[in-house]
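The values are calculated or read from the model by the stated rules, or taken from the named source; none is laboratory data. Note that this is a predicted model, so its numbers are computed, not measured. Cβ atoms come from the backbone with ideal geometry, glycine included; neighbour counts cover every protein chain shown.
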Amino acid sequence: MKRTVLLLAAEPFELKYVPAETGAVRFVPVTGGAGPRLAAVALSRVTDRFDAVVSAGMCGALDPSLRIGDVFVAVSVNGETCCAPVAQTPYRTGALVSVDRIVGSVSERQQLAAEGYAAVEMEASAVAGWAAKHTLDFYCIRAVSDTATEEFAVDLNAARDSDGRIRVRHILGQAARRPLTIVPELLKLRRNSEIAARALGAFLATCEF
């Protein structure tokens with residue numbers, strides 16, 4: 001009998017290569033935007049029953065050995081232990097920190113790495129809390145979209161609104177002011193996110209929960 005697994009990600013493109021189902025699993029994707037508040041709102045609308053929940057999508061590397069497209073399965077989120085899937089393909093593991101901001105500077109990445117974290121993202125803590133409330137197995141499975149040595153020129157945090165949602169017009173405004181710096185960076189981020197999304201979809205297709 002297939003297990004039904006809820007996948008919570010910030011944006012639909014992060015899950016676009018995840019199959020609807022495999023031989024052992026039926027995936028139900030839910031997206032609500034970046035950050036814990038928007039993740040919590042999206043989860044508050046979930047009424048179906050599930051066998052497990054996965055915080056999925058992209059992550060930023062803090063460990064310098066992580067590369068674009070590496071699949072990262074968290075052993076813990078903000079110190080709380082996560083479950084591990086049974087997978088047929090290799091993956092990286094480590095402690096993940098979930099914060100309500102986009103970590104885009106090398107200095108901040110290094111500070112978080114010094115605290116013992118290998119990767120960073122924005123929604124997993126909210127998903128973990130929801131899973132605990134509903135007594136569901138919780139997994140955090142991410143694909144690396146930016147490395148530990150990347151320094152963002154675009155200020156993605158300034159592009160977020162009061163709810164935490166990233167507004168494209170704010171990013172375009174920054175690009176208009178600094179086109180030679182920001183436009184190439186945005187194209188690179190898009191390319192790396194595509195690599196990460198493909199890797200995540202291929203990995204989840206091999207998993208059992």
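Key figures for this structure:
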quantity: When residues of the stretch 26-55 are limited to those that are among the basic types (Lys, Arg) and farther than 24 Å from residue 1 by Cβ, the one nearest to the chain's Cα centre (by Cα); calculated: 37
quantity: Filter result for the condition that a residue is out of contact with any Pro (no Cβ under 9 Å at 6 or more places or on another chain) and buried (at least 20 other Cβ atoms within 10 Å of the Cβ), over 53, 30, 41, 18; calculated: 53
quantity: Filter result (modelled with pLDDT of 95 or more and either in contact with a Lys or Arg (Cβ under 8 Å, 6 or more places away or on another chain) or exposed (fewer than 14 other Cβ atoms within 10 Å of the Cβ) (or both)) within the stretch 1-15; calculated: 3, 4, 5, 12
quantity: Residue within the stretch 18-25 that is modelled with pLDDT under 95, over 17 Å from the mean Cα position of the chain (by Cα) and small (Gly, Ala, Ser) present; calculated: yes
quantity: Every residue from the stretch 156-187 that is among the basic types (Lys, Arg) and touching a strand residue (DSSP E or B) at 6+ places or on another chain (Cβ under 9 Å); calculated: 160, 167
quantity: Residues that are in contact (Cβ under 8 Å) with a residue 40 or more places away in the chain and under 23 Å from residue 99 (Cβ atoms), drawn from the stretch 23-40; calculated: 33, 34, 35, 36, 37, 38, 39, 40
quantity: Complete set of residues in the stretch 7-46 that are assigned to a strand (DSSP E or B) and under 22 Å from residue 192 (Cβ atoms); calculated: 7, 8, 9, 29, 31
quantity: Per-region count, the stretch 36-77, residues of a type in the set (Lys, Arg) and in contact with an Asp or Glu (Cβ under 7 Å, 6 or more places away or on another chain); calculated: 1
quantity: Scan of the stretch 53-89 for residues that are touching a Leu at 6+ places or on another chain (Cβ under 6 Å) and not in a loop (DSSP other than H, G, I, E, B), ordered by number; calculated: 53, 54, 55, 56, 74, 77
quantity: Any helices (runs of 4 or more DSSP H) falling wholly within the stretch 93-183 and containing at least 1 residues that are in contact (Cβ under 8 Å) with a residue 24 or more places away in the chain and surrounded by 14 or more Cβ atoms within 10 Å (Cβ to Cβ); calculated: 106-114, 124-133
quantity: The stretch 61-74 residues that are on the phi > 0 side of the Ramachandran plot, paired with ones that are modelled with pLDDT of 95 or more (beta carbon under 6 Å, 6 or more apart); calculated: 69/195; 69/196; 69/199
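Residue-by-condition table, conditions (1) of a type in the set (Val, Ile, Thr); (2) more than 16 Å from residue 54 (Cβ to Cβ); (3) more than 17 Å from the chain's Cα centre (by Cα):
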residue	(1), (2), (3)
107	no, yes, yes
125	no, no, no
139	no, no, no
144	yes, yes, no
168	yes, yes, yes
